[in-house]
Amino acid sequence: MPAMSQQQVGSRGRCAALLLPLLLLSVAPRSGDTMINIPSKLKSPPVITIQPQSITTFSADDITLTCDATGNPPPTFRWVKDGLEFDPSKDPDLSVSRDSGTFSLTAKDGPIHQYQGRYNCYASNELGTAVSNEARIVTENNPTLQKEKKVSKKVEEGESVVLPCNPPNSTMAPVIHWMDKRLRHIQQNERVIQGRDGNLYFSHVTAADSRDDYTCNTQFPSARIIMLKEPIKLTVVPSNSVVRNRRPQMMRPTGSHSSYLVLSGQNLELECIVQGLPAPSIQWIRKDGVLSESRTSNDSYNRVLRFKNISESDSGEYQCTATNLQGMVTHTYSITVEASPYWTKEPKSQLYAPGETIKLECKADGIPKPEVTWSINGNLLTDIDPDPRRSVKHGVLTLKNVELGDTAVYQCKAANKHGSILINAYVYVIELPPQILTEDGLMYSVAEGQAIDLACETFGSPRPNVTWEGESWGALRANPRMSQLSDGSLQISNASLNDSSQYTCSVSNSKITITAELDVLNKTVIVKPPLALRIQRGKPATLTCEYQVDSRQDAPQVQWRKNRQKLTESSDSDKYMIDESTLIIPDVEEEDEGIYTCEVITTLDMAEASGSITIVDRPDPPTQIQMTEPKERSVTLSWTPGDDHNSPVLEYLIEFEETGSERKEWEELSRVSGSIQRTTLPLKPFISYRFRIIAINDIGKSDPSKETEAYSTPAAPPDSNPERVHSDSIDPGTLVITWKELDRRSFNGPDFRYKVMWRKVLGSGPSWHTKYITSPPFTVTDVGNFSAFDIKVQAVNEMGDGPEPKSAIGYSGEDYPLEAPLDVGVALLNSTAIEVTWAAINRETVRGRLQGYKIYLLHFSPESRHLRRERVREGKPTNISIVMTDSNEEKKILGDLQPYSHYALTVSVLNYKGEGPQSEALMFHTPEGVPGPPSSLLLESPSETEMTLRWTPPIQPNGVLNGYILQYQAVDNEDIPMQVEKISDHAKDHLTLKLDPRSRYRFYLRGYTAAGEGLPIIREGATTLDGGPPSDISLSIGETSVNLTWVSKERQRNVGFLIRYLRKDGKSKWKHSEKVNSSQSFYTLQGLQPGSHYDLWIALGDETIWKDDIQTAGTSNHKTAGTSVMEKRGGFVTEIWFIGLISALVLLLLVLLILCFIKRNKGGKYSVKEKEEGQIDSEARPINNEAFGEYRSLESDNEEKRTASQPSLCDDSKLCTDDALDDYANSNSVQTEVLMDESLASQSSGVRDVPDPETQESSPLNPATAISHHGLPNSAAFLD
């Protein structure tokens, strides 16, 4: 991971980057600058740059061993095989590289086993010899498939079976897949699993396992070979009996103990394949410690424990436990981890000055401990003449007082039984002046808390000494976070923001210096790490990772890992959705469980935080339920918990089922904490129990456990008596005793009964009457009305009586009251309220518990106000109200009465049996009250300054109506005082007012009686203004038509006008449209000639209001006179079907009108008054005053009265109403001339002539009189 960045900001020392410490340099100082001169001939010891690698090869593969090195003079190469010199150039089958020691063999058909062995490469020049690591060539023949017999296995359902694979032997492990003949993988699960040996293991077989194409496919990737073995036929024979469960048994490995020796850094898989029915579940533990979660994982449905990059700390004992309902089995693995040699201290190549003492430290470790040996230029020290200046102790080679001839390449080798390692380090003895090779003015960046090295690489012999100083710190050796390394670099650990500064590196005893600039940035911080999620399988999981990065850094890379492996490198990376700092797993599965780490990586530092996903689920049911310590009323239950699936069990629910009972259901008996595995259950006598247990965790309930055998408790006397013992007597003279029955489980024994006991409270003495029955109620007769009794009920069975019961008071049945209350009186409080009083009833006549009194209030209509009491009493009331009182009340106030009305009132006594006789009716009448609001108020405006108000009387006058009060005021000017008109004539129903046409008014109309004024009816309105034709007209001109549109003005009467037009061709005459209403807002003038000029006028009578000239679109088309202006291309008005439809509708309407008038003429005379009373909505009445329609008076209808006994066609048809006739007469939708017999027309007084369009007006108060076009085009047709 990068911890720092640097960039060149100066030019000093730029050539220094080209120098290597392996070069022999000569320095020539120049005035004012220190330059490094590189002579034309350079010498350097050999350094191996490409090491040969061990390979395993097959006869069809190429063989290549690479070896390359640098040095000056260029090194020469030689090989040693198995300790002997090997010259690949002498083998005609081998090709050797000219510039390196690499040689290769091209694949051939002949044998290659002669090349198998251990190889070392030697690179030499005049300054020494470097030796490569040891590389092995292992040769193998291509795997071949031996001829096999077809395998067929037949097993009984529920048994276990192993299908063998037997792959060819090879040092390279094959990849094995079990497939069918269609190359589809055999589905594996807890029951069917593939072992590490390639065999397919069945814990138990089912009928569905039968097939004849189980095929083992063996793949050798390095040999590029795939082998398909002979299919295996498996036949599962159905069992003749019930398939019995079996305890787990080990299938692989066998026995109870296995041992493994493994090298550190390798991967290891332990497997535990078990047979059993049902399929056992597997759990792994470390017996001598804690199982590492970071280096281990489970696979193959927990059958495999996988170690990744195993270490010495993983040595120990591991146990797998297989469990099912029948039992368990275990297998223990003893794991020993050893290690091949590895370096703990490596020697470094260095330059030395003559006379120095050097020490080359070489330390290695491994299991077992490796042996360390030294060589010079490839020759063991033991094979070289001893030198008193040279010594080796504890792996450290010491050479005193070195000379120029001591320049050489030294090899350190460490070896144990698992292998060997070798490292080269040269000693270069030379004299050179000091130089600083690192460029001056470099700038470094580091994140807070990280470590950084400020380089100050020197060159010289003897080795130069350097010192560092800070811009504000001075000498830096006193700072514990800053240290100078052996190569002269300054290392700053745990950098802080205060470390941002300029630093200077100086060579001692010289003036050679460089500077470095350090900039410390804020460290990257994860402010919201991913959470530890506990989630169910199949649900989505979201992990978030919010972070903060220094603004001076580039956008970071966010990387997610699962169990330290990059998600982008995992085999199932497609299932993860990564959106910047959010990781989403849409459908969590078992293999998604693990530790998820979010890494925020910048160029300078990295921050990481971990969350987790734990798959949780409902617990498995408890097993091995046992009943112990049986007693008469208890038993102890114990159990073994099932798997909690990562969610601890909170509690256990213990349920029971009563055997032999009709209630075939499980009921809750007890709940205990999830930490308890044993409890004592309280039981009831004379019941046979079966138990089962359900485990409960945060996710939900487990399936029920297997139920226990039945356990029966002995019989005993009842423990309790029935509750709620009371009397439920209804009929007079009877005592009914009842109670709440005991639950059958409280009987405690056979022959259960109830012992019923009763006696009178007064006069019966201490003796009890007794009766045994099996269920309530129990009835005692001939005991008198409403008498008090002591009653009690006791539970009894064959084993004895229950506890002594407590007695209760009960009463015999009640009878109806005998008398009505006396002295009933009424006091009038106001026109709507009275107070009723009566004398208390004699309790002996109640014949039961007094419940209260019932008051009957009978209302008679106001029309009977002046009738005699006898006639009121004989008439039927319009309403009856009933009021209930408490038993201790002797008066009651009644409200909401109708003023100016007759009432009758009676009172009766009520007990729990029923109601007694009513008192004699008391007659009274209420005084007058204020009237209700008038039932309707209609506003009409005959002119701009007049408003006519028409109303109907109140529905509830509440007395004698004396007249009306009218108040009105301008709505838009409240400063004008309210105007008041008093109307003393109660029969008057209209009034005309003179008003300001510029104002809108609000009207309040109320009636009044002798008691005062009533509530008003309120309406708002304004007078209708005189209208006129439109003046602001917009035109839309087509080829044969022109559309005229305008805005209708509010509050104006409808005005009819004509549109006149003249074609400017010198021949045409003035034409005009039909009458057009100002309220239409638009009109289409059709039948014009394309490309022609026209004059358009709007005329009201003889006066022209508006003029304009237009030109139609298109090219002029000269038509002969007489062409119809009505022609409209594409229209439907002239279609034959439309004309026929309109004609049929007109004929049908005409027939209906004739029938209506005939029936109306035959119906006799009727009263318009009755008609008006039948119509509640007076605003729907037709009115006529020029544009307002016709209001027909009572006098004008005297000749048209009819009797109610003669039904009319008009009763069910709107066609015969005045409104319908008016609409028909005023309709402009179809211009049709209707010819009618004069005698028939004279009889239809409700039909009016169509008013002239110039004078017809419409009003906002009566919009129904406006002309309706029913959606047809507003156009007219005229012939030239």
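The values are calculated or read from the model by the stated rules, or taken from the named source; none is laboratory data. This one's a predicted model, so the numbers in the text were calculated from it and none came from an experiment. Cβ coordinates were reconstructed from backbone atoms using ideal geometry, including for glycine residues, and neighbour counts include every protein chain displayed. What goes into the accessible areas is simple: the full protein's heavy atoms, side chains included, and nothing from ligands, DNA or RNA. Shrake-Rupley method; radii C 1.70, N 1.55, O 1.52, S 1.80 Å.
Summary table below
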{"read-out": "Within segment 480-498, backbone nitrogen closer than 12 Å to the virtual label 7 Å beyond the Cα of residue 552 toward Cβ", "value": "497-498"}
{"read-out": "Heavy-atom SASA rank of 635, 527 (probe 1.4 Å, accessible area, largest first)", "value": "527, 635"}
{"read-out": "Formal net charge of residues neighbouring residue 243 (Cβ-Cβ distance under 13 Å; K, R +1; D, E -1)", "value": "-1"}
{"read-out": "Separation in nanometres of the label points that stand 7 Å from Cα toward Cβ, at residue 1103 and residue 394", "value": "13.2"}
{"read-out": "Portion, in percent, of the accessible area of segment 310-404 that falls on carbon or sulfur, probe 1.4 Å", "value": "49"}
{"read-out": "Alpha carbon centroid spacing (whole Å) that separates segment 901-932 from segment 772-813", "value": "44"}
{"read-out": "Whole-angstrom gap from segment 727-764 to segment 508-543, using each part's C-alpha centre", "value": "84"}
{"read-out": "Segment 365-388-segment 599-615 distance, computed between alpha-carbon centres (Å)", "value": "46"}
{"read-out": "Hypothetical label at residue 465: residues of segment 503-519 whose amide nitrogen lies under 20 Å (7 Å Cα-Cβ projection)", "value": "504-514"}
{"read-out": "Per-residue SASA entry for residue 689, accessible area with 1.4 Å probe, Å² rounded to 10", "value": "10"}
{"read-out": "Solvent-accessible area, 1.4 Å probe, carbon plus sulfur percent, for segment 1019-1122", "value": "45"}
{"read-out": "Accessible area in square angstrom per residue, segment 241-342, 1.4 angstrom probe", "value": "49"}
{"read-out": "Cα pair distances exceeding 21 angstrom across segment 626-747, given as percent", "value": "52"}
{"read-out": "Segment 516-669 - accessible surface per residue (Å², probe 1.4 Å)", "value": "52"}
{"read-out": "Percent carbon-and-sulfur accessible area, segment 53-114, ignoring ligands, DNA and RNA, probe 1.4 Å", "value": "50"}
{"read-out": "Near-label residues of segment 881-895 by backbone N, under 14 Å of a point 7 Å along Cα→Cβ of residue 837", "value": "890-893"}
{"read-out": "Dipole-positive endmost among 953, 895, 916 within segment 886-972 (Cβ charges, Cα centre)", "value": "916"}
{"read-out": "Signed unit charges on C-beta, dipole axis of segment 647-719, positive-most listed residue 673, 700, 660", "value": "673"}
{"read-out": "Descending principal axes extents, segment 95-226, alpha-carbon based, whole Å", "value": "79, 31, 22"}
{"read-out": "List 186, 834, ordered by accessible area with a 1.4 Å probe, largest first", "value": "186, 834"}
{"read-out": "Cβ-Cβ FRET estimate between residue 181 and residue 775, R0 fixed at 60 Å, reported to 0.05", "value": "0.25"}
{"read-out": "Accessible area (Å², 1.4 Å probe, nearest 10) - residue 534", "value": "130"}
{"read-out": "As computed over segment 425-576, the Cα convex hull volume per residue (Å³)", "value": "192"}
{"read-out": "Estimated vicinal HN-Hα couplings, Hz - segment 87-94 in sequence order (Karplus 6.51, -1.76, 1.60; Gly, Pro = x)", "value": "10, x, 5, 8, 9, x, 7, 9"}
{"read-out": "Note, ³J(HN,Hα) from phi for segment 960-970, Karplus 6.51, -1.76, 1.60, rounded to Hz, x at Gly and Pro", "value": "8, 6, 8, x, 9, 10, 10, 10, 8, 7, 5"}
{"read-out": "Contour excess over end-to-end distance, with Cα ends at residue 144 and residue 1067 and 0.36 nm allotted per residue", "value": "320.8 nm"}
{"read-out": "Cβ-based net charge around residue 148, under 9 Å, with every Lys or Arg adding one and every Asp or Glu removing one", "value": "+3"}
{"read-out": "Accessible area (Å², 1.4 Å probe, nearest 10) - residue 799", "value": "100"}
{"read-out": "Candidate residues 472, 334: accessible-area rank, largest first, probe 1.4 Å", "value": "472, 334"}
{"read-out": "Label point distance in nm, residue 116-residue 306, each placed 7 Å from Cα along Cα→Cβ", "value": "3.1"}
{"read-out": "Antiparallel bridges, percent of DSSP beta bridges restricted to segment 284-442 (to nearest 5)", "value": "95"}
{"read-out": "Two-site label geometry, residue 582 and residue 62: point separation in nm, points 7 Å out along Cα→Cβ", "value": "5.1"}
